[in-house]
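> First the structure, which I've put down as structure tokens, then a few questions once you've had a look.
The values are calculated or read from the model by the stated rules, or taken from the named source; none is laboratory data. Since this is a predicted model, take the numbers as computed values, not measurements. Because the Cβ atoms are built from the backbone with ideal geometry, glycine has one as well, and the counts that use them run over all protein chains shown. Heavy atoms of the whole protein, side chains included, go into the accessibility calculation; ligands, DNA and RNA do not. Shrake-Rupley method; radii C 1.70, N 1.55, O 1.52, S 1.80 Å.
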Amino acid sequence: GADVVLFAICGLPLRGAVNEARKALKKWPKMPSMQRASLMAADAKKLFSRPGPFLVDSLEMLVEMLHPEAQSYGHYGLNWCALGAGGAPIASENAPRPPARSASS
């Protein structure tokens, strides 16, 4: 199954992505990938729909999401957030992180 499920819906800011994630999670509550994966939402309007001006910010955000042990760039809560099982945003200090990958992965 997936390690991470990212809700980054074209044209929607972070709040919109969180709202759409909540709707989706209500429809897919028993999907194994949704139960085991780290669920995240991102501001696709700013960071994925306009790749030019925010390309570096987009890459920094993906590093924070996928490799939190690497470095924090301060995007959590502003441009992305982790989601609980029901789709509610999680405070950064309590956010689940994807499992660390070994060097052989």
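> Go through (1) assigned to a helix (DSSP H, G or I); (2) without any contact (Cβ under 8 Å) to a residue 24 or more places away in the chain; (3) not small (Gly, Ala, Ser) and name the single condition Lys46 misses.
(2)
> Let me ask something else about it. Of everything in segment 1-18, what is farther than 12 Å from Asp43 by Cβ and open to solvent by less than 70 Å² (accessible area, probe 1.4 Å)? Give them in sequence order.
Ala2, Asp3, Val4, Val5
> I would also like to ask the following. Among (1) crowded, with 20+ Cβ neighbours inside 10 Å; (2) aliphatic (A, V, I, L, M); (3) modelled with pLDDT of 90 or more, where does Leu47 come up short?
Of (1) crowded, with 20+ Cβ neighbours inside 10 Å; (2) aliphatic (A, V, I, L, M); (3) modelled with pLDDT of 90 or more, only one is false for Leu47: (3).
> With respect to Glu69, is the statement that it is part of a loop (DSSP other than H, G, I, E, B) and either modelled with pLDDT under 90 or exposed (fewer than 13 other Cβ atoms within 10 Å of the Cβ) (or both) true? Steps first, answer last, please.
On the way: part of a loop (DSSP other than H, G, I, E, B): yes; either modelled with pLDDT under 90 or exposed (fewer than 13 other Cβ atoms within 10 Å of the Cβ) (or both): yes.
Criteria met by Glu69.
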